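Right, one structure below, let's go through it.
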Amino acid sequence: PLRLETPSTDAGLAALARPHPARPVPPDHVLWHGGDHRLFWTLSIAVTDTVWNAVGGFCEDYVGYGGEDTDFGQLARAAGVDVCWVGGAWAYHQHHATHDPPVQHRDAIERNAALFHRRWGWWPMEGWLAAFDAADRALRAAVVPGGQRLHGGTLQDRAVRAEARAVARAVPGALGAVPGDAAAEVGADR
């Protein structure tokens, strides 16, 4: 059975902390202003209602996992709102099983990445998108006979297919088979 350790003190909780390697960690009680808005995630944020209104809140076009918080960071940048990293303001995320990359959210990540790209002109979540592409290439090389195409192409190609799959799911029969889609090519739904 899985045994989770429950810390009995703040010091015990702090000992379990795993700061994200791509995010700054200022010393306790230190503020670092001028952060990179591309690093903005909403795992833990604090804003005043004035700032929230200036930014305009979250774009509600994102569906499912990924991209909405990076979009909020870009809205904040466009509104002239600074990012500030607060040393010692730890937030703890409840443990849950996941995958790296998060394959359980792949369709949403691809769809939301395409939406983000249309809005801001660059691709978010590039590490995950590249990992999905690498896995696809490995799968093609290992199990797809005769060079049959499976999820290949550029990030833009994949994003267009992700949007087409979303439309096809919402309106059955609207698009027919989507060229380049795994379901269309190998007869299986992802």
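The values are calculated or read from the model by the stated rules, or taken from the named source; none is laboratory data. Because the structure is a prediction, the values reported are computed rather than measured. All Cβ positions, even for glycine, are placed from backbone atoms using ideal geometry, and neighbour counts span all protein chains on display. Please note that ligands, DNA and RNA were not included when accessible areas were found on the heavy atoms of the full protein model with its side chains. Shrake-Rupley method; radii C 1.70, N 1.55, O 1.52, S 1.80 Å.
Can you give the accessible area of VAL55 in Å² (nearest 10), computed on protein heavy atoms with a 1.4 Å probe?
10
In square angstrom, rounded to the nearest 10, how much accessible surface does HIS117 have for a 1.4 Å probe?
My reading of the accessible area for HIS117 is about 60 Å².
Indicate the gyration tensor shape class of segment 42-111 (rounded, prolate or oblate), computed on the Cα atoms with a ≥ b ≥ c the square roots of the eigenvalues: a/c under 1.5 is rounded; otherwise a/b larger than b/c is prolate and the rest oblate.
oblate
By accessible area of protein heavy atoms, probe 1.4 Å, what ranking do GLU110, GLU68, GLU126, GLU60 get, highest first?
Of GLU110, GLU68, GLU126, GLU60, the descending order of accessible area is GLU60, GLU126, GLU68, GLU110.
Any idea how far apart LEU43 and THR98 come out in nm if each label point goes 7 Å out from Cα toward Cβ?
Each label point is offset 7 Å from its Cα along the Cβ direction, giving 0.6 nm.
Stretched out fully, how many nm does the piece from TRP52 to VAL30 gain, at 0.36 nm a residue minus the Cα gap?
Gain in length upon complete extension: 5.6 nm.
Order HIS95, HIS29, HIS20 by their accessible area, 1.4 angstrom probe, all chains in place, largest first.
From most exposed to least exposed: HIS29, HIS95, HIS20.
Can you tell me how segment 3-148 classifies by the Cα gyration tensor, rounded, prolate or oblate, using a/c under 1.5 as the rounded cut?
It comes out oblate by the Cα gyration axes.
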